[in-house]
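Q: Structure provided below as structure tokens; questions to follow.
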Amino acid sequence: MALPDSVVGVLLAGGKSSRMGGGDKCLRELGGKPILTRIIERLQPQVSEIVINANGDPARFDAFGLPVVSDSVAGYQGPLAGVHAALEWVKANRPGVEHIVTVATDTPFFPADLVHRFLDAGGDASAFRVAQSDMGVHAVIGLWPIGLSEPLEVSLARGERKVTAWTKDHGAVPVFFSAVDVGGQSIDPFFNINAPEDLAAAETLLSERTS
């Protein structure tokens, strides 16, 4: 089984954020700092290094000092394209790494022990894992063996875009995460900020936790 120091963290920021009015929702502020900063701070202790998957001008992420990897297929084809691009980047640049862990950049409360839980979970030796909570499977949050890059490339060429279906079809083992307490409220650990009202709710949770 892989160790945390042989896992590269991948922050999936390649979406259009249409429900937030466009732009990079991960660069919006939450509790006085960008959502992306909170994601990085939470993931950094869990992995060997972090890369960002994003499309467009990578310079907008310069302040974070992390490699930015764009999708390998054009046209904003969804998170599977981002995962594939990250797997290919790791193969080319970090040949000793066996897995990546992917995290959506709109989930500021994901577990601080996410990677350890993935690595310690039972199942097949390939260690292909996806997160699950009471809300269901969160397939964009997962532990991916580097060897999946080739079958993923084939699927993308065929037009596959449904990440949940793809992970299920390729043997991903769901790992269950219980609700977490934030600001005195029990919430899904993969609470995601999709719309302005979600951002407002996250602000309230943080302010209640601080108080």
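Q: Which percent of the accessible area of the chain is formed by carbon and sulfur heavy atoms (probe 1.4 angstrom)?
A: 50
Q: Which residue fluctuates the most in the chain, going by a Gaussian network model with Cα springs under 10 Å, if the choices are Phe64, Phe109, Phe176?
A: Among Phe64, Phe109, Phe176, the largest GNM mean-square fluctuation belongs to Phe64.
Q: As a test, work out the antiparallel percent of DSSP beta bridges whose residues both lie in the chain, rounded to the nearest 5.
A: Around 45 percent antiparallel, to the nearest 5.
Q: Now for a separate question. Using Cα pairs closer than 8 Å and at least 6 residues apart in sequence, work out the relative contact order for segment 73-153, in percent.
A: Relative contact order comes out at 37 percent.
Q: Here's a follow-up. Lys33: net charge of surrounding residues, Cβ under 13 Å, Lys/Arg +1, Asp/Glu -1, itself excluded?
A: Once positives and negatives cancel, what remains is 0.
Q: Okay, moving on. Over the chain, what is the mean sequence separation of C-alpha contacts under 8 Å (at least six apart), divided by residue count, expressed as relative contact order in percent?
A: 23
Q: Okay, next question. Out of Arg28, Arg60, Arg129, any idea which swings most in a Gaussian network model of the chain, alpha carbons joined below 10 Å?
A: So, out of Arg28, Arg60, Arg129, the one fluctuating most is Arg60.
Q: Quick check on segment 84-199: take the gyration tensor over C-alpha atoms, sort the square-rooted eigenvalues as a ≥ b ≥ c, and tell me if it's rounded (a/c under 1.5), prolate or oblate.
A: prolate
Q: Please work out the average accessible area per residue across segment 64-152, using the 1.4 Å probe convention, and give it in Å².
A: 37
Q: For the chain, set up a Gaussian network in which alpha carbons nearer than 10 Å are linked by springs, and say which option among Gly159, Gly78, Gly122 fluctuates the most.
A: Highest fluctuation among the options: Gly159.
The values are calculated or read from the model by the stated rules, or taken from the named source; none is laboratory data. What you see is a predicted model; the values in this text were computed from it and never measured. Backbone-built Cβ (ideal geometry, glycine too); neighbour counts: all protein chains shown. Note: areas computed on protein heavy atoms with side chains; ligands, DNA, RNA excluded. Shrake-Rupley method; radii C 1.70, N 1.55, O 1.52, S 1.80 Å.
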